[in-house]
Amino acid sequence: MTPTSRPRRRSRRSAVRRRFVAVLVAAVICGASALTGTQPVSAAAAPWVTVSEGFVSFRVPAADVQSAVGTVSSVVVEANFGPSSNVSELGLVRSGDAWTSVIGPLPAGLYHYRLRGDGTRIFADSTNTATVTSDPSWRTVFIPGDSARFLTDVPAGRGGAITTITYRGRAANVWTPPRYDARRSRPYPVLYLQPGAGGGHADWTELGRARQILDRLSAEGRMEPMVVVMGGSGTSDFRNELKHLVRAVHARYHVARDSGHRALAGASAGGTHALRTALTHPGEFAYVGSFAGAYPEDGFHADARSVDRGTRLLRLYTGNVTDPSYNPSYRLLRRLDRAGIRHEFDGVNPDAGHNWTAWQENLADFVPRLFRSAPDHGPSHGHLPLRHEFTPPAPGTTPTPWLTTLANGDTFVTVETGTEFTGAERVTLWGNWAPGGSWVNVPLTRAGDRWRGTVGPLKPWFYYYQFLVDGVSKKDTSNPASITTEPTWSTFLVPGERARLLTDAPPGQGGTVETLTYHSTVAGEQRSAYVWTPPGYDPHRPAAYPVLYLQHGGGQSYTDWVEMGRAKQILDNQFRDGDIVPMVVVMGNGNVPDFTRELRENIVPAARAAYRIADDPARQALAGLSMGGFQTYDVLKNHPGEFAYIGTFSSAIGTPGGGVDPTGYDAEAINNGTRLLRVYVGNATDFVYPFTMATMAAFDRLGIRYEFAGVTQGPHGWDAWQKNLIDFAPRLFRPDTP
């Protein structure tokens, strides 16, 4: 198992994976649909990015990378794929003549991305014309879906119009509503909408989807007809710049000039400017919105009576604890309360940080409240109260990481390095927290002589991570968890009902894991296996226990199903729930050139000698993940009926050439001797997905009976394989098994 977003592993990586990964990527890319919302520069330039059913596939020709930034040893995609829609990094893998990866399924919405070679060499997708004017290195891609309906285009002819005006060498985008009439008797009310620091006049249309949001609100009758003016930033004198923008708009559009029909809002620094205007120059704008604007601690000087008299609506917004405005918003809300200034708070957005995903929702909430009676004055549905600041432990507090759980049950994890990386130029946090359990890197920030970062929201489950310090894998030495085969990894569990089966059983109520030592005639050495025995295991009971031989993947060993797969916790809890029959589970070392011999001549005899387990094929099961699944298929082919229960997780029947070849599989012997052959595979991010599908098609042609568990949502990793074991173990050794 090798996550595509981490540095290349040692040479002991599975040879099976190396054979198949190049073929997989080609299959996934060729099967994906054209990029939604973008067009290639020319018919000859194949898109680097394709989207299909929420999965985003990258295939960047190595020659294009070379042309853009020269020779590099690593390429990542920097995009808002991370938790809370924050920018993170997805690592690409060199496969043949291209750098490739797949991520998803991603929630519907707008994503912006760029590429980075060797950590510092930024370049843009030359095949995508959906550019970002304020920073040409970024491109955007839209994933449609019901949850992002307010970001989609309205039918032709039902939307407003966007025009660009220039004034004093600067520019602004202006949205006018459908059927805008420059001669109507009443001037249109106007909203001035600002981006964040460094943003341009096109940011709200290119990144904020303002046109789509406004068109949708207008088409649904949820806003007053108004003009929306989107200016840029990059000036040290916001008030003077705003004054000139207002004059330019007055000269070109039929808009109101009285404060009662003017609104001001902005994101980030733009929100701060809007707040300052409301508090220090009350009455200039009757409606003010701050989308994650952080107000200066020493800059609060406001006359409550004047502010309340001149402002009909002052509404504040913030993202979750990953939003830098979270704590400043808490302090500002308290100051507004103490000053007696009327205001509204939209609540904490639990799902987004300091980014356009949050600000798009803020705009959709704010605009319907302008120049009319608002239907309500409370927070948006699902938003949380802000009752205290987010304050992680002091530097040097151990152990790490630290988990913070919000009122809705979402958990955020905060990590911190030691002082040994003080001199590092860049530190990121790699982990399985992207959608579907995919792996992304989250940039950390300096905190004195350490590096620190917060990631979330994370749903209850099992997570693993490592630091990448200037591109080199490093362990969180303050985390006591250790992984034998991955010494730089650390783990933690987010508790909750979803993760109940992965949680330690109460003391005294679980089974026992012991080490079995045996001599391997295949490897020519002493080797070890882990053996789980159920609670109440009796080595002298008359009936032998049924046994499951459970194998690991490439680059792993017998320790991984316990340390990473949570096999003990899963089996303990399923036994306590009465979902599995009392059985023994043997987790052997499959790192040998001939696993079939190793299993039959060494692992099985050693386990039978040490434990009261059955030798009857009807009471023996064999399962494995990735490489272990390939090995399981080999045993099934060469010794059908020796194990009545077979499970394969993210595997296929492979050949040295990288194809699927069912030669040698005896359908009659397999069907007669196998009570259950159950096949598992991850989603499109699992590199063996097409080969698993081809394996089942081959079995269909041969008439081999099997069960397909359906696609497991997850990549070629532990998120999927834990779920596979959870599903497989309860099906074993039951009389009602098909």
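What to note about this one:
- Of note, MET223 satisfies the criterion of being in the same structural domain as ALA248 (by TED's automatic domain parsing), out of contact with any Ser or Thr (no Cβ under 8 Å at 6 or more places or on another chain) and not β-branched (Val, Ile, Thr).
- Filtering segment 449-459 to residues that are of a type in the set (D, E, K, R) and either within 10 Å of PHE421 (Cβ to Cβ) or in a strand (DSSP E or B) (or both) leaves ASP449, ARG450, ARG452.
- Residue in segment 679-686 that is surrounded by fewer than 22 Cβ atoms within 10 Å (Cβ to Cβ) and out of contact with any Cys (no Cβ under 7 Å at 6 or more places or on another chain) present: no
- Selection count where residues are assigned to a loop (DSSP other than H, G, I, E, B) and either touching a Ser or Thr at 6+ places or on another chain (Cβ under 9 Å) or over 16 Å from ARG426 (Cβ atoms) (or both), scope segment 106-123: 5
- Residue in segment 190-197 that is surrounded by fewer than 17 Cβ atoms within 10 Å (Cβ to Cβ), out of contact with any Ser or Thr (no Cβ under 9 Å at 6 or more places or on another chain) and small (Gly, Ala, Ser) present: no
- All of GLY231, GLY221 fail the test of being within 25 Å of ASP135 (Cβ to Cβ) and not hydroxyl-bearing (Ser, Thr, Tyr), apart from GLY231.
- Residues that are surrounded by 19 or more Cβ atoms within 10 Å (Cβ to Cβ) and without any contact (Cβ under 8 Å) to a residue 60 or more places away in the chain, drawn from segment 427-449: VAL427, LEU429, GLY431, LEU444
- Restricted to segment 460-480, and to residues there that are in a loop (DSSP other than H, G, I, E, B) and in contact (Cβ under 8 Å) with a residue 60 or more places away in the chain, the residue that is surrounded by the most Cβ atoms within 10 Å (Cβ to Cβ) is ASP476.
- Per-region count, segment 185-215, residues in contact with a helix residue (DSSP H, G or I) (Cβ under 6 Å, 6 or more places away or on another chain), under 14 Å from TRP175 (Cβ atoms) and part of a loop (DSSP other than H, G, I, E, B): 3
- Just one of (1) at pLDDT below 95; (2) within 22 Å of ALA197 (Cβ to Cβ); (3) of a type outside the set (Ser, Thr, Tyr); (4) surrounded by 17 or more Cβ atoms within 10 Å (Cβ to Cβ) fails for ALA302. It is (2).
- Whichever residue in segment 98-120 is over 14 Å from the mean Cα position of the chain (by Cα) and modelled with pLDDT under 95 and, among such residues, is nearest to ALA63 (Cα to Cα): ASP118
- Any hit, segment 678-693, residues being assigned to a strand (DSSP E or B), within 20 Å of HIS639 (Cα to Cα), of a type in the set (Val, Ile, Thr) and without any contact (Cβ under 8 Å) to a residue 60 or more places away in the chain: yes
- Among the residues of segment 242-278, those that are in contact (Cβ under 8 Å) with a residue 60 or more places away in the chain, over 39 Å from the mean Cα position of the chain (by Cα) and assigned to a helix (DSSP H, G or I) comprise HIS244, LEU245, ARG247, ALA248, VAL249, ARG252, HIS261.
- The number of residues in segment 399-437 being in contact with a helix residue (DSSP H, G or I) (Cβ under 7 Å, 6 or more places away or on another chain), in a loop (DSSP other than H, G, I, E, B) and more than 15 Å from GLY453 (Cα to Cα) comes to 1.
- Given (1) exposed (fewer than 15 other Cβ atoms within 10 Å of the Cβ); (2) over 18 Å from ARG170 (Cβ atoms), index of the condition ALA278 fails: (1)
- Extreme residue, nearest to PHE733 (Cα to Cα), among residues of segment 625-677 that are hydroxyl-bearing (Ser, Thr, Tyr) and surrounded by 24 or more Cβ atoms within 10 Å (Cβ to Cβ): TYR645
Yes/no matrix, rows are residues, columns are (1) out of contact with any Lys or Arg (no Cβ under 7 Å at 6 or more places or on another chain); (2) within 30 Å of ARG186 (Cα to Cα); (3) in contact (Cβ under 8 Å) with a residue 40 or more places away in the chain:
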site: PHE300; (1), (2), (3): no, no, no
site: THR322; (1), (2), (3): yes, no, yes
site: PRO328; (1), (2), (3): yes, no, no
site: LEU336; (1), (2), (3): yes, no, no
site: ALA352; (1), (2), (3): yes, no, yes
site: THR357; (1), (2), (3): yes, no, yes
site: ASN362; (1), (2), (3): yes, yes, yes
site: GLY378; (1), (2), (3): yes, no, no
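- Criterion: surrounded by fewer than 23 Cβ atoms within 10 Å (Cβ to Cβ), within 22 Å of ASP303 (Cβ to Cβ) and either basic (Lys, Arg) or modelled with pLDDT of 95 or more (or both) - qualifying residue of ARG211, ARG186, ARG239, ARG222: ARG239
The values are calculated or read from the model by the stated rules, or taken from the named source; none is laboratory data. All values reported here derive from a predicted model rather than from experimental measurement. Virtual Cβ from ideal backbone geometry, glycine too; neighbours counted across all protein chains shown.
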